[in-house]
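Presented below is the structure to which this report refers.
The values are calculated or read from the model by the stated rules, or taken from the named source; none is laboratory data. The shown structure was predicted, so the numbers you read here are calculated from the model rather than taken from an experiment. Cβ: placed from backbone, ideal geometry, glycine included. Neighbour counts: every protein chain shown.
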């Protein structure tokens, strides 16, 4: 019986190892291999946050107070919208930038927010592949502008698009998210945000966490 239990235990361990290996292989094969990085304003999302910020500095962006040890905050004009905030992210386990987030100035009119959202949705759809799109209010669909703003502030509103970026060779480079968010500072305002996440550096940073386990 003891020998039988040892065999079962050995088979169980082998099964777990095989399952984990298979999952990693499927994940690695789910996207075409690439050595190219997703770009933000023509700049590859790679290298140190400081080096990346210096490239944006040369384009007129200004450094703000440190946001956190892993985030650099800048302001400037993006896609014709002045006073836009740019956040440059890195994982604690990595030295490289993996995500850049743009938040446009907050507005207190739903129609203005939605107009900006639709404009960027149209522009992004001309450059990237639209993968998902959800645009709805939870509970009921309000008609008045003020009621839509209330829904947004209460968190009963989902406006989100997800895009995929590829190289000319068909390799997956990263993901772009477009969303409407409510202002977390306590004011009854909302804003449009765009996030660019580089595939390679996000995967490398995630692998660093897995290696710790």
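Here are a few things to note about the model shown:
Yes/no matrix, rows are residues, columns are (1) without any contact (Cβ under 8 Å) to a residue 40 or more places away in the chain; (2) buried (at least 20 other Cβ atoms within 10 Å of the Cβ); (3) under 25 Å from residue 39 (Cα atoms):
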site	(1), (2), (3)
132	yes, no, yes
135	yes, no, no
155	yes, no, no
162	yes, no, yes
171	no, no, yes
199	no, yes, yes
202	no, yes, yes
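- Note on region 82-93: residues that are in a strand (DSSP E or B) and surrounded by 15 or more Cβ atoms within 10 Å (Cβ to Cβ) total 7.
- Single residue of 132, 195, 171, 136 found to be over 22 Å from residue 101 (Cβ atoms), within 22 Å of the chain's Cα centre (by Cα), assigned by TED's automatic domain parsing to the domain that holds residue 98 and modelled with pLDDT of 95 or more: 136
- Applying the condition of being part of a loop (DSSP other than H, G, I, E, B) and over 19 Å from the mean Cα position of the chain (by Cα) to region 35-68 and asking which residue is surrounded by the most Cβ atoms within 10 Å (Cβ to Cβ) yields 61.
- Any chance residue 121 is modelled with pLDDT of 95 or more and loosely packed, with under 13 Cβ neighbours inside 10 Å: no
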